[in-house]
Structures are given as structure tokens and as C-alpha cells.
Amino acid sequence: MPPPRTRGTALRRRLAELRGPEVAAKALDARALAALAANPGCRRRAILDGAGVNKAVLATALGSPSAFGQSQFALTRGNAFEAKVKADGGAELLRLAHEKLDRAAEPPARASLPDLSATGPEGRVARTALALREASGAPGTWTLLDHPLLALEVAGSPAFLEPDAVVVHPDGSWSVVEIKSFPMLDGSADPAKVGAAARQAAVYVLALEQVAARLAEGPEGGPAPRVRHRILLVCPKDFSNLPTASAVDVRKQRAVTARQLTRLTRIEEIADALPEGTCFDPGLPTAELTAAVECVPATYAPDCLSACELAFHCRDRSRTAGAVTTLGRTARAELGGLSTVEDVLAAAHGTAGDPADPAVAALRRAAYLRAEALDARETVPCP
Ligand code: SF4
């Protein structure tokens, strides 16, 4: 077996071939990772994300453009709000961190704002780790890391993640800060949006825990700094542009994401199973591109519609194949080995399926009860 460095180079080369020689890689972000963790069985998404394919562009090239993503207006508004929150050396942000996460600590009268600039993602990751180590080693001070860069290994390939900010508390512990532009009305925000922000923050928490573990194993050793599992969510207050915040407990999301990420099939394994010459370059003819996408197995579920840019394409394919996955994960699980709507109807009407199979028996019983209610019992055999 070739040494790990050689294997890593070969994998990177293979992923670049899959993406298309002239196509720039799209970095995996925490939002994408959280969505990937929500559907760990989908090899299609795993390989496309691992290869840095821009799925929104790919979906358009396939003729099924995605319907989500932020509008330019929302992006501009979000950036302006974030700049306001971090203005004045992050004074307001640190005040909110003190108020919502660490009231027992000294208020942040003065804060340190390390420079995190460096060349390339690896350089920025190293600079962030150094700044975190220095801040944790200076007890009694508040430190704000603006857009640090963290690395997290996902399915055997590194993902670079950039939280809005990380705060180092006077006791040396670390907190993730998420700044969102959706409003917090009377102290609470849309639960679906808060849930999505919590899943995203959980990915940052996992990445920070890896940094903490590496620092503890480093030459200077010592106990690993504590990564707090309550993150700071900052949003505009009511209908104004003033920041307000709330502490969000992400323990559950962290545990779920950690478990799901370990279940992802290794990118290398998926890439090796693809036919030679497979390429997802959006510049290819549609038929060729469709064939390339279809050669990677997918596990479509209606949840994909709110999480993956390829959802319309995968839903069309699923519907065309009559797959029961379009009915949702719960129905899919109840139907056992019956994978198409055609099989399900045949089982219900007694023309196929093993009557000893609990799913088949339940379907026959349900069909009989329905026919009985409609007074059409003779059309369905008694189970
Ligand atoms: S939309 Fe398709 S590619 Fe995306 S997660 Fe769902 S099944 Fe996988």
C-alpha cells in the first residue's frame, strides 16, 4: 500500500479530475457539512462535496436549478449586520458574550484581537491554532478571533471551516459565535432557523475540539482547553439593526453530527467505485453530465429539498423510478424491502410479496380495511 502522503496526493488528483480540470474547487463550509451529516447515506452528495463540485451550478447544468441559497440582497444585509456587530474592536459582541455566556467572569473592558492573516488555508489554520493557544495561555483576558479558519477531516478529506468568530473567555475556554441576519423578536427567533444555526455551530464546535486536542498533544502539552457547548447566536433585535443575542445549547446537535460524520463512506472508496473518466464538469453536454451523476448512488428523501442543491434533480429521478424514498424516511423504513410504489401496490393487492413479511401483511390488512370502508371488499383478498 502506498504511504499516506502519496495516497493523499493521488486522492486530490482524482478529485480534481472528477470536478473537471478547469473548474475551481468549492470549499466545504459548515452549512454543507451539517447537511451532509443529515443524510450520511448519500454517496452522491459525499463525493460531489468531497470533490469541491459547485452543486448549484451542476444542478443548473442538469436542467434542474436549485431553489435555495441566499439572495444578493440578503448577503449584503448579512455582511453589513456582521460588520456592525464586530465594530469598535468587537466591544458589543464581547459584551453580549459576557452577558449571555459568562456572567461570572470579569466584564470585557479590554480585549485582544489577534491578526489571523496568513498565506493559504493551511497557513490560516496554523495561525488560528497559535492564536487560540496564546489566548488560552493568558488567563484573565477576553480574546476575539474574527473569522478564524479551522480544519476538520471529513470522510478522509480535510474541510476548512470559517466561523463568524470565536471568543476565548478569561478562564481560557472557547465559544463559537454565529451572527445571523434573521430577526430575534421579543427574545426568540424562528425555531427552524435557530436549529439550522445550531447544527452549523455544532460543526465548528467539533472542529475546535480537534484543535484543543491537538494543542494538548503538542510539545507544550497540558490539559486541552474547554470548548463550550453553549454558543452565542447574535441576531438583529426585533425589526431594528441593533444586535441582540441568545445562548444556544448545541450538545445534541454536536453529538448527532459527530455520529453521522463517522458514518460517511470514505471519499476514496466512493471515487474508486466510479467508472474511469467520470467527470462532473458543468460544461459537459447534459446527457454526459446526467450519466456521470447517475452513476453515483443517491438516497433521496424529501428533507433534501431544504438541504441540497441537487434536490429537484434527485426527486425527479426518484419519482421516475417510482421509488418509495419520495414518501419520506419514515414510510421508507416501514416498507422494509419494498422499494418501489409498484411493489407496494402489488403487495397490498395480494399479487406479489411474501405474506409472512410484516410489511406485506400490514399492507394487505390496510388494503382490506380500506376496501371494507368503501364497501368494495370483493376487489381485495381477505388477508
Ligand atoms: S438531493 Fe440528491 S445528492 Fe443531495 S443529498 Fe439528496 S439524494 Fe443526495
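Just so it is clear, none of the values below were taken in a lab; they were calculated from the coordinates. Just so it is clear, the model here is predicted, and its values are computed rather than measured. So basically every Cβ, Gly included, is an ideal-geometry build from the backbone, and we count neighbours across all protein chains shown.
In table form, for the structure just shown:
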| read-out | value |
| --- | --- |
| Cut-off under 5 Å, modelled amide H: who pairs with residue 112 long-range | 142, 143, 144 |
| Mean ellipticity per residue at 222 nm, deg cm²/dmol - from DSSP H runs of n ≥ 4 across the chain, formula -39500 (n - 2.57) | -15000 deg cm²/dmol |
| Segment 294-367-segment 12-78 distance, computed between alpha-carbon centres (Å) | 26 Å |
| Given 13 as the ceiling on other Cβ atoms within 10 Å, longest exposed-site-free region of the chain for GluC sites (Glu not before Pro) in DSSP loops | 23-219 |
| 0 to 90° range, to nearest 10: angle between helix 251-263 axis and the chain longest Cα axis | 60 degrees |
| Angle between the chain longest axis and helix 311-320 axis [Cα atoms, degrees, rounded to 10] | 10 degrees |
| Qualifying chymotrypsin sites (Phe, Trp or Tyr not before Pro) for segment 229-305 [loop in DSSP, other Cβ within 10 Å: at most 14] | 239 |
| 19 Å Cα-Cα reach of residue 237 towards lysines, excluding residues that sit fewer than 8 places from it in its own chain | 84, 86, 100, 180, 193 |
| Bridge type composition, the chain - antiparallel percent by DSSP, nearest 5 | 75 percent |
| Acute angle (nearest 10 degrees) that the helix 72-101 long axis makes with the longest principal axis of the chain, alpha-carbon atoms | 60 degrees |
| Euclidean distance of C-alpha centroids, segment 239-261 and segment 187-223, integer Å | 10 Å |
| Highest-MSF residue in the chain out of 322, 137, 277 [GNM, Cα springs under 10 Å] | 277 |
| Backbone HN-Hα couplings from phi across segment 364-370 [Karplus 6.51/-1.76/1.60, Hz, Gly and Pro as x] | 5, 4, 4, 5, 5, 5, 5 |
| Cleavage-rule hits (chymotrypsin sites (Phe, Trp or Tyr not before Pro)) in segment 52-157: DSSP loop, at most 15 neighbouring Cβ within 10 angstrom | 68 |
| Dipole of the chain [Lys/Arg +1, Asp/Glu -1 at C-beta], most positive-end residue of 104, 120, 356 | 104 |
| Whole-number percent relative contact order across the chain, with pairs defined as alpha carbons under 8 Å at least 6 apart | 19 percent |
| Under 18 Å from the Cα of residue 55 - lysines, other chains or at least 8 residues apart | 26 |
